[in-house]
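The values are calculated or read from the model by the stated rules, or taken from the named source; none is laboratory data. None of these values were measured; they are calculated from a predicted model. So basically every Cβ, Gly included, is an ideal-geometry build from the backbone, and we count neighbours across all protein chains shown. Ligands, DNA and RNA are excluded from the accessible area calculation, which covers all protein heavy atoms including side chains. Shrake-Rupley method; radii C 1.70, N 1.55, O 1.52, S 1.80 Å.
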Amino acid sequence: MDIQVPYANGHQLLHIDDDLTVEIASPKKIQANVESISKSIANPTHFENLSSFLSTRRKLLVVVNDYTRPTPTAHVLRELNLSRNDTTTIVACGTHREPTEQEIQKITGSPTAPFGGRVTVHNSRDHENLVELGTTRRGTKLSLNRLLFDCDGIIVVGSVEPHYFAGYTGGRKFLLPALAGFESVVMNHALAVDDHARITQLEGNPVHEDFMDALELFGRTADIFSVQLVLNSEHQVSYASSGHIVDSFRDAVKRATETYVPSVTAKADIVISISKPPMDIDFYQSQKAIENVKLAVKDDGIIILVSSCRDGIGDRGFYNLLVSGDGVMDPHKFGFHKAIKMKRMLERVRVFVVSDLSPNILSAMSLTPFKDVQAAFDMALGIKGKSTRVLIVFDGSLVVPVPAR
């Protein structure tokens, strides 16, 4: 069996002998349904329609995802068709790096600002542009971008897929972490080490509940019009839900579960998890492709992460924690949650990484570096033996394979 494994903007070839037991997990094949965007905007939950929402709101803030999400934001902006000048579009990048001009143009779909307004980028460390709101029930001191308070209407464009500790992306996340201060994000993400902070779980998930508390502290859900998308395996829109920020999110969650949580026959000895663009931007983002497959790998198994990590490690906070020994136990350091989850994973399985990262960087994190997926697989097979069960997960940053037994 020869498999074209997506890597960066191309592929690597992987050969697997036919006598091995191989299973492939991918997002459910669902046809594109771009028309669902306009239909959902015309028939939102909670609001009569978009026009009625806009009728009493003169100053708008449009919140969009950053470059780490495959959300087809530009298409949604065209469907919204807001013919006004008093509109600010903000790229809600949380603690991620600021996007380049080229990335912003790709997000918005134009070299000029949408709706004749302006485009800005959230900076979580810019204290002068943050407003303190109070403390959530879980102890997160919440500060949010000042622009949220300098408008009378907010339009949120997001996408919903499983998230390895928040349960799902999208919806309520546009506030915390996407438009929150750095310290707020650190405090919220420290909750990720709780056993209930699991992928696809919302009920009892402390991270999700903290997001909801932030939304309650903000207290302006009537001023928010949400457009939440679910994408298919080709990153095309397959479903859209618009209107109330919570209702549209929960509706999209149902469709995202159908799309991204496939059942597999059994746990595998070797799991090849492929992080496709744009989620392969760095190791910080690509770690999701390791966490997403943990239910599908046997104890003492091997996960092979395939990700170019073209921008390197990403924020080095969690890397420094991983390689510094006992410093990993400080929950107030950024990257703490990722470092803890990686350490827990490495206590149970081995992780090989096929990437462009320096071998020394990966080795320092107790990961085994490779440049070629075939070499990584051959070594894993040599360790596990010919009776090995293999699982290949395309879109490992999104797909959550769940074993039937």
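What to note about this one:
- Computed on the range 1-68, with alpha-carbon pairs under 8 angstrom and 6+ residues apart, the relative contact order is 14 percent.
- Taking θ as phi - 60° and the Karplus parameters 6.51, -1.76 and 1.60, the scalar couplings of the range 158-169 work out to x, 10, 10, 8, x, 10, 5, 9, 8, x, 8, 7 Hz in sequence order, x denoting glycine and proline.
- Highest mean first, the peptides 126-132, 84-90, 242-248 sorted by other C-beta atoms within 10 Å per residue fall in the order 242-248, 84-90, 126-132.
- Between K371 and D150, full extension at 0.36 nm per residue minus the direct alpha carbon distance yields a gain of 74.7 nm.
- Computed with a 1.4 Å probe over protein heavy atoms only, the accessible area of T200 comes to about 60 Å².
- Expressed in units of 2.2 N^0.38 Å, where N is the residue count, the Cα radius of gyration of the chain is 0.98.
- Solvent-accessible area of M212 with every protein chain in place, 1.4 Å probe, in Å² to the nearest 10: 50
- Here the chain exposes an accessible surface that is 47 percent carbon and sulfur, computed with a 1.4 Å probe and the other protein chains kept in place.
- Solvent-accessible area of K28, all protein chains in place: 110 Å² (probe radius 1.4 Å, heavy atoms, ligands and nucleic acids excluded).
- Set of the range 386-400 residues, backbone N closer than 16 Å to the point 7 Å along the Cα-Cβ line of A266: 386-392
- For the chain, the 222 nm mean residue ellipticity estimated from helices alone, with every DSSP H stretch of n ≥ 4 adding -39500 (n - 2.57) and the total spread over all residues, rounds to -7500 deg cm²/dmol.
- Net charge of neighbours whose Cβ lies under 12 Å from the Cβ of S38, counting Lys and Arg as +1 and Asp and Glu as -1: 0
- R220-K254 FRET efficiency (beta carbon distance; Förster radius 30 Å; 0.05 resolution): 0.70
- One Cα centroid belongs to the range 62-92, the other to the range 1-51; the line between them spans 22 Å.
- Mean Cα-pair separation over length for the chain, i.e. relative contact order, pairs under 8 Å, 6 or more apart, %: 21
- The chain, accessible area per residue, ligands and nucleic acids excluded (1.4 Å, Å²): 40
- Size of electric dipole in the chain: Cβ of Lys, Arg +1 and of Asp, Glu -1, about Cα centre, debye, nearest 20: 300
- Counted by Cβ distance under 13 Å from G301, the other residues give a net charge of +3, where Lys and Arg count +1 and Asp and Glu count -1.
- Note on K386: lysines with a C-alpha under 24 Å away, same-chain residues under 8 apart excluded, are K267, K294, K298, K371.
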